[in-house]
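Right, one structure below, let's go through it.
The values are calculated or read from the model by the stated rules, or taken from the named source; none is laboratory data. Since this is a predicted model, take the numbers as computed values, not measurements. So basically every Cβ, Gly included, is an ideal-geometry build from the backbone, and we count neighbours across all protein chains shown. Accessible surface is based on the protein model in full, side chains and every heavy atom, while ligands, DNA and RNA are left aside. Shrake-Rupley method; radii C 1.70, N 1.55, O 1.52, S 1.80 Å.
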Amino acid sequence: MSELQSLDKAPEDVETDDCLSSYTYLYNPTLLQGRMAFLTGGGSGIGFRIAEIFMRHGCDTVIVGRNLQRVTEAAEKLRAATGRRCLALSADVRQPQSLIDAVEEALKTFSRIDILVNNAAGNFLCPASSLSFNAFKVVLDIDTMGTFNASKILFDRFFRDNGGVIINISATLSYKGQVLQVHAGSAKAAIDAMTKHLAVEWGPSRVRVNSLAPGPISGTEGMRRLGGAAAEAAGMWNNIPLQRAGNKTEVAHGALFLASPLASYVTGTTLVMDGGSWMTSPNHLTASLDLWSSEMKKSK
Ligand code: NAP
Ligand code: COA
């Protein structure tokens, strides 16, 4: 056997919202030197790790969430681990004015924004028949409206004149009509459509717009909420072509590629990072309803 590691080996990660204890560079550490990224939902999970990996490659960041204490603590960890600047701001992506204020604050501090990562989202398992009108709307408001709001504000305030990169974190839920996910699947499908529309309209302004669609990612709120532990216990990862869940660092590496000049001719597309999961994972209503009912009983 060769001493080389296999080409699908997962990089280092930690399950909690903490920085990596060790990191092996795959790309040049100066890949994003001098750049600034604005990340919604950067205080936890996938958004936190994207911020960390960007910062490890020379980028400064602004991380935004509703909970100021959470983003403030996250920013402290990110600064300590990477030595880069990170500003924590509170904003609700559903409220354009709160995002405008955050973007103004970011520009006052850093004088530029090169990269927008639309990562903030809300999700839970729920059959369509049990979903309230407001529950459906809330998820579309956070995911879809939030993505449009932040993209339009950044375009107006900076990207139109200076160019930039937008990365929209979406999902594969709509590809096969995932059960118990009509709200998030619809929201993310709209985001993937938005990616193409904005790529076409804003390409001439040197703005690249792409989606990144993760599959099941360990150590995340998404995984916890969407039955990840039960899926793992039931041996469901064997249904995934690459036979495992992904990790946050892997997703962050995809975002790093899309943000960087390595993707200089990539726009209007979706990078699916799911180990091939959406093609082979089960999508059965009865089994999923059983799981949902037992989770509901536990939470009562
Ligand atoms: P997470 O840790 O819950 O991340 C969501 C973040 O969004 C939180 O930091 C949250 O912070 C913020 N947020 C939520 N509503 C907001 C709002 N209205 N305004 C501003 N910020 C808001 O979840 P995650 O699992 O890492 O998911 C990150 C992204 O990956 C999401 O887009 C998700 O749909 C996508 N994704 C995840 C998986 C997975 O397996 N985890 C799979 C596919 C796609 P506050 O609560 O402080 O606002
Ligand atoms: N199942 C069904 N409906 C639910 C639900 C669940 N698990 N959780 C919330 N809802 C419904 C509420 O009942 C409410 O509907 P109603 O007014 O008809 O009763 C509606 O959704 C909005 O809930 P609310 O708690 O007022 O919304 P919020 O704006 O405070 O929070 C959520 C938004 C619900 C998406 C919340 O879970 C959240 O903030 N999530 C962010 C983190 C996250 O989801 N991470 C995973 C990303 S993959």
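Conditions (1) polar (S, T, N, Q); (2) surrounded by fewer than 23 Cβ atoms within 10 Å (Cβ to Cβ); (3) under 14 Å from the mean Cα position of the chain (by Cα); (4) within 14 Å of ligand 2 (Cβ to nearest atom), marked per residue:
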| position | (1), (2), (3), (4) |
| --- | --- |
| Tyr23 | no, yes, no, no |
| Phe48 | no, no, yes, yes |
| Glu52 | no, no, yes, no |
| Cys59 | no, no, no, no |
| Gln69 | yes, yes, no, no |
When you check Lys188 against the structure, is it basic (Lys, Arg) and more than 22 Å from Ala252 (Cβ to Cβ), yes or no? no
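Quick one: count up the residues across the range 204-237 that are within 9 Å of ligand 1 (Cβ to nearest atom) and over 16 Å from the mean Cα position of the chain (by Cα).
First, pick out the residues of the range 204-237 that are within 9 Å of ligand 1 (Cβ to nearest atom): 212-226, 228.
When the remaining residues are screened for being over 16 Å from the mean Cα position of the chain (by Cα), the result is 228.
So the answer is 1.
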So which helices (runs of 4 or more DSSP H) are wholly in the range 216-277 and hold at least 3 residues that are surrounded by 18 or more Cβ atoms within 10 Å (Cβ to Cβ) and at pLDDT 95 or above? 248-259
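May I ask you to list the residues in the range 278-290 that are surrounded by fewer than 18 Cβ atoms within 10 Å (Cβ to Cβ) and either hydrophobic (A, V, I, L, M, F, W, C) or over 23 Å from Lys176 (Cα atoms) (or both)? Lay out the reasoning, then the answer.
At the first step, the residues of the range 278-290 found to be surrounded by fewer than 18 Cβ atoms within 10 Å (Cβ to Cβ) are 279-280, 282-287, 289-290.
Scanning the range 278-290 gives Met279, Leu285, Ala287, Leu289.
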Please work out which one of (1) open to solvent by 20 Å² or more (accessible area, probe 1.4 Å); (2) part of a loop (DSSP other than H, G, I, E, B); (3) of a type in the set (Val, Ile, Thr); (4) in contact with a strand residue (DSSP E or B) (Cβ under 6 Å, 6 or more places away or on another chain) is the condition Ile113 fails and give its number. (1)
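Please report, ordered by residue number, the strands (runs of 3 or more DSSP E) entirely within the range 1-100 with at least 1 residues that are closer than 24 Å to Gly215 by Cβ.
Working: elements: 36-40, 60-65, 86-90.
In the range 1-100, 36-40, 60-65 are the strands (runs of 3 or more DSSP E) which contain 1 or more residues that are closer than 24 Å to Gly215 by Cβ.
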From the list Thr40, Thr82, which residue is within 8 Å of ligand 1 (Cβ to nearest atom), open to solvent by less than 60 Å² (accessible area, probe 1.4 Å), among the hydroxyl-bearing types (Ser, Thr, Tyr) and touching a residue at least 60 places away in the same chain (Cβ under 8 Å)? Thr40
Going through (1) farther than 20 Å from Gln178 by Cβ; (2) crowded, with 19+ Cβ neighbours inside 10 Å one by one, Asp143 fails only at (1)
